[in-house]
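Undergrad: Can you read through this structure? Questions will come right after.
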Amino acid sequence: MKNSIKVFASASVGNVACGFDVFGFAVEEPGDEVVMRLANEPGVAISKVTGDDGRLPNSSAKNTAGVAVKAFLDHIGSKKGIEIELHKKMPLGSGLGSSAASAVAAVFAANELLGHPLSRKELLPFAMEGERIACGDAHADNVAPSLLGGFVLIRGYDPLDVIKIPTPQDLFCTIVHPHIEIRTEEARKILPKNIPMKDAIQQWANTAGLVTGMMQSDFDLIGRSLQDVVVEPVRAKLIPGFYSVKKAALDAGALGCSISGSGPSMFALSKNGETAEKIGLAMQGAFAQEKIESTIYVSRINEEGPRDLSRNS
Ligand code: HSE
């Protein structure tokens, strides 16, 4: 058995427009890295956190990575000691599933270190515990894609029912992260408790349309279905210039554009890399009009999930 491991887990786009809390997909970058070692003392300790400007808790009971690993160890009845270094390589409060990436990298690393007692799908509830500590709610639309890779539907939470949806090979995602922060907890508080029936009908038609479009590689259907009439209109107010950034993406050839998770990052889908790059620049230009700097990430859907970076080193 190994004594240490280094794992990368990627960012993810939650909701994917119409699928609030039920859709998410993994991207190739950015993401977080965890270095994990077996320790002599039992329990979970966070020995180092970098890339967070000192903002994340080092206490393993408060840190999303520590909580996820502790829940995993308790479940498998292990008394092993685990030491975690967490290297944040993506922005906090960005809507890119930052807390999920940390929890996923940590729980995946612990499972590998302890000889792989659980399957990836079985690790999901423990990564979700990390999400609960980070934002008060154990939603899975970031942790599930980050852990399993690909585009994921969370059909049910009780019991957990998670399904991977195939996506077209040429599908590209552009993410633009404006340098402002939105706390998921706050972005969830402003959501309506009830929605009109006509909005519900539109929304569930779009979720079915999006899944069908993905499975049939029907880009036009994907584009028509990337509409959120429930959450986006409420959260758009939190993102300066939201509608002009969205228009810039669509004008540059995006199939659709919406908020990534709870924002402020915005994502757009397109059918080739060149268009995806162009969309990124157009969206960045629209944020610049609002005097907001931003970072662009372009990638395909990440089908692989977490990577063991120590395997070949
Ligand atoms: N589905 C969650 C939300 C994702 O939109 O609140 C948070 O990243």
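Undergrad: If you check every pair at least six apart or on different chains, which have Cβ atoms under 6 Å apart with a residue in the stretch 191-208 that is free of Cβ contacts under 8 Å to residues at least 40 places away in the same chain and assigned by TED's automatic domain parsing to the domain that holds residue 225 first and a residue that is surrounded by 12 or more Cβ atoms within 10 Å (Cβ to Cβ) and of a type outside the set (Gly, Ala, Ser) second?
TA: Sorted first by the residue in the stretch 191-208, then by its partner, the pairs are 195/230; 199/229; 199/230; 202/229.
Undergrad: Quick one: is residue 27 of a type in the set (Val, Ile, Thr), modelled with pLDDT of 95 or more and within 16 Å of the ligand (Cβ to nearest atom)? Quick ask: steps written out before the conclusion?
TA: Details: of a type in the set (Val, Ile, Thr): yes; modelled with pLDDT of 95 or more: yes; within 16 Å of the ligand (Cβ to nearest atom): yes.
Answer is yes for this residue.
Undergrad: If the Cβ limit is 8 Å and pairs must be 6+ apart or interchain, which residue in the stretch 134-149 that is outside the structural domain of residue 12 (by TED's automatic domain parsing) pairs with which residue that is at pLDDT 95 or above and surrounded by 24 or more Cβ atoms within 10 Å (Cβ to Cβ)?
TA: Listed pairs, sorted by first residue: none to list.
Undergrad: Restricting attention to the stretch 224-240, does a residue exist that is closer than 23 Å to residue 181 by Cβ, among the hydroxyl-bearing types (Ser, Thr, Tyr) and either within 16 Å of the ligand (Cβ to nearest atom) or at pLDDT 95 or above (or both)? Spell out how you get there, then give the answer.
TA: In the first step, residues of the stretch 224-240 are kept if they are closer than 23 Å to residue 181 by Cβ; the result is 228, 231-240.
Imposing the further condition that a residue be among the hydroxyl-bearing types (Ser, Thr, Tyr) reduces the set to none.
There is no residue in the stretch 224-240 that is closer than 23 Å to residue 181 by Cβ, among the hydroxyl-bearing types (Ser, Thr, Tyr) and either within 16 Å of the ligand (Cβ to nearest atom) or at pLDDT 95 or above (or both).
Undergrad: Can you tell me which residue within the stretch 148-175, out of those that are more than 16 Å from the ligand (Cβ to nearest atom) and part of a strand (DSSP E or B), is surrounded by the most Cβ atoms within 10 Å (Cβ to Cβ)?
TA: That would be 174.
Undergrad: For residue 178, state whether it is within 16 Å of the ligand (Cβ to nearest atom), of a type outside the set (Gly, Ala, Ser) and in the same structural domain as residue 237 (by TED's automatic domain parsing).
TA: Yes; evaluated as a whole, the condition is true for this residue.
Rundown of residues vs (1) more than 22 Å from residue 179 (Cα to Cα); (2) within 16 Å of the ligand (Cβ to nearest atom); (3) surrounded by fewer than 16 Cβ atoms within 10 Å (Cβ to Cβ), yes/no style:
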position: 11; (1), (2), (3): no, yes, no
position: 15; (1), (2), (3): no, yes, no
position: 33; (1), (2), (3): no, no, no
position: 55; (1), (2), (3): no, no, yes
position: 60; (1), (2), (3): yes, no, no
position: 67; (1), (2), (3): yes, no, no
position: 76; (1), (2), (3): yes, no, yes
position: 96; (1), (2), (3): no, yes, no
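Undergrad: For residue 133, state whether it is outside any loop (DSSP other than H, G, I, E, B), at pLDDT below 95 and within 16 Å of the ligand (Cβ to nearest atom).
TA: In short, yes.
Undergrad: Within the stretch 260-276, restricting attention to residues that are surrounded by 16 or more Cβ atoms within 10 Å (Cβ to Cβ) and over 21 Å from residue 165 (Cβ atoms), which residue is nearest to the ligand (Cβ to nearest atom)?
TA: Looking at residues that are surrounded by 16 or more Cβ atoms within 10 Å (Cβ to Cβ) and over 21 Å from residue 165 (Cβ atoms), I get 262.
Undergrad: Residues 248, 254, 288: which one is closer than 30 Å to residue 163 by Cβ and either at pLDDT 95 or above or away from the ligand (no atom under 16 Å from the Cβ) (or both)?
TA: 254
Undergrad: Residues 21, 53, 74, 32: which one is under 30 Å from residue 276 (Cα atoms), assigned by TED's automatic domain parsing to the domain that holds residue 146 and not in a strand (DSSP E or B)?
TA: Testing whether each residue is under 30 Å from residue 276 (Cα atoms), assigned by TED's automatic domain parsing to the domain that holds residue 146 and not in a strand (DSSP E or B) leaves just 21.
Undergrad: Further question on the same structure: What do you reckon, is residue 115 more than 16 Å from the ligand (Cβ to nearest atom), part of a loop (DSSP other than H, G, I, E, B) and either at positive phi or aliphatic (A, V, I, L, M) (or both)?
TA: yes
Undergrad: Under 7 Å between Cβ atoms, at least 6 apart or on separate chains: pull out the pairs that start in the stretch 229-256 with a residue that is of a type in the set (S, T, N, Q) and end on any residue that is buried (at least 23 other Cβ atoms within 10 Å of the Cβ).
TA: Taking only residues 6 or more apart or on different chains, the pairs are 244/286.
Undergrad: Could you run through the stretch 203-222 and say how many residues are crowded, with 16+ Cβ neighbours inside 10 Å, of a type outside the set (A, V, I, L, M) and under 19 Å from residue 153 (Cβ atoms)?
TA: Of the residues in that region, 5 qualify.
The values are calculated or read from the model by the stated rules, or taken from the named source; none is laboratory data. These numbers were taken from a predicted model, which means no experiment stands behind them. Because the Cβ atoms are built from the backbone with ideal geometry, glycine has one as well, and the counts that use them run over all protein chains shown.
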